[in-house]
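Reviewing the structure listed below.
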Amino acid sequence: MTGGQPIKLGILVSGNGSNLQAIIDAIEAGGLDARIACVVSSTPGAFALTRASRHNIPVVIHENRGFTNRREYDAALVKILRDHGVELVILAGYMRILSEVMVTAFPNAIMNIHPALLPAFPGLHAQKQALDYGVRFSGCTVHFVDCGTDTGPIILQSVVPVEQDDTEESLSARIQKEEHRTYPEAVRLFCEGRIRLEGRHVRILP
Ligand code: GAR
């Protein structure tokens, strides 16, 4: 919180890690008073791991091999995060659904970014869902994670237009640009102690 030690982040990834990079950049530019305690990847070859290593951030590869179910896998994940002193968990392109083991271990302290304006188009291929539906606007949503799929309290949303000739790739690129601005901003609000949860409503304190 403000004036104290930087909040320790644990960032979970599965792929490219451009949102991880946006958070690293915000911290290094002095715009975000947080420290990335560890990056945990569900995939060994994720480029996000290379990004983390370039910035000397500890990385852990946590595959699902050897675990019989999601709860067991998540219990081991909780241990990894606790061993690193993590206070806020950031899902950044993490392509696994969390069980209640993770959700209850970090109550109101897990954030996710989703490439659509929730509650529209939850789940996989959100940009394609938006194009197929024919919406004029889409965007991204940062929300707290609960036990549902993309159903938790909404922290911030950013809107982008959908153009007539958009492809999944062009819309995704436009949304990602907003993600890279919106996610560090949401993390900053948390780190400054400016997020208050009232039921499923998020109040941003001045
Ligand atoms: C992001 O666009 C994020 O919104 C999406 O995965 C991408 C990861 O990109 N997440 C989901 O679809 C989760 N349901 P990145 O690895 O470059 O940050």
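Read the figures in this text as sums done on the coordinates, not as results from a lab. Just so we're clear, the structure is a prediction, and the values are computed from it rather than from any experiment. Here Cβ is always computed from backbone atoms with ideal geometry, including for glycine, and neighbour counts include all displayed protein chains.
Inter-part distance, segment 24-50 to segment 100-136, computed on C-alpha centroids, equals 21 Å.
Within the chain, antiparallel bridges make up roughly 45 percent of the DSSP beta bridges whose residues both belong there. For segment 104-120, backbone phi angles converted through the Karplus equation (6.51, -1.76, 1.60; θ = phi - 60°) give residue-by-residue couplings of 7, 6, 10, x, 6, 9, 10, 10, 9, 10, 10, x, 6, 8, 4, x, 6 Hz, Gly and Pro being listed as x.
Can you give the Kirkwood hydrodynamic radius of the chain from its Cα pairs, in Å with one decimal? Intermediate results must be reported in sequence, preceding the final value.
Details: mean 1/r = 0.0577 Å⁻¹.
After inverting the pairwise mean of 1/r, the radius is 17.3 Å.
Taking the chain as a Gaussian network of alpha-carbon nodes connected by springs under 10 Å, the highest mean-square fluctuation of the residues Glu168, Glu87, Glu178 belongs to Glu168.
The 3J(HN,Hα) values that the Karplus relation (6.51, -1.76, 1.60; θ = phi - 60°) gives for segment 127-132 are, in residue order, 5, 5, 4, 5, 5, 4 Hz. Gly and Pro appear as x. Going by amide H atoms built from the backbone, whose H comes under 5 Å of the H on Val60, apart from near neighbours? Amide H to amide H, under 5 Å and 5 or more residues apart or across chains, Val60 pairs with Val39, Val40, Ser41. Straight-distance candidates among the lysines for linking to Lys177, with alpha-carbon spacing under 27 Å and chain neighbours fewer than 8 residues away dropped: Lys8, Lys128. Once you order the gyration tensor axes a ≥ b ≥ c over the Cα atoms, which shape class does segment 1-87 get: rounded for a/c under 1.5, otherwise prolate or oblate by comparing a/b with b/c? Oblate.
Using Cβ counts within 10 Å as a stand-in for footprinting exposure, how do Leu32, Leu77, Leu189 rank, fewest first? Mind dumping the intermediate values first?
On the way: Leu32 22, Leu77 25, Leu189 17.
So the residues, fewest neighbours to most, are Leu189, Leu32, Leu77.
Only helices enter the 222 nm calculation for the chain: every DSSP H run of n ≥ 4 contributes -39,500 (n - 2.57), and dividing by all residues gives -10500 deg cm²/dmol, rounded to 500. Computed over the chain with a Gaussian network model linking Cα atoms closer than 10 Å, the most mobile of Arg194, Arg136, Arg174 is Arg136.
Here the 3J(HN,Hα) profile of segment 87-99, calculated from phi with Karplus coefficients 6.51, -1.76 and 1.60 at θ = phi - 60°, is 10, 10, 9, 10, 8, 10, x, 8, 9, 10, 8, 7, 8 Hz, Gly and Pro shown as x.
Which loop trypsin sites (Lys or Arg not before Pro) in segment 17-78, with loop taken from DSSP, have no more than 11 other Cβ atoms within 10 angstrom of their Cβ?
Details: sites: Arg35, Arg51, Arg54, Arg65, Arg70, Arg71; in loops: Arg65.
When the trypsin sites (Lys or Arg not before Pro) of segment 17-78 are filtered for loop state and at most 11 Cβ neighbours within 10 Å, Arg65 remain.
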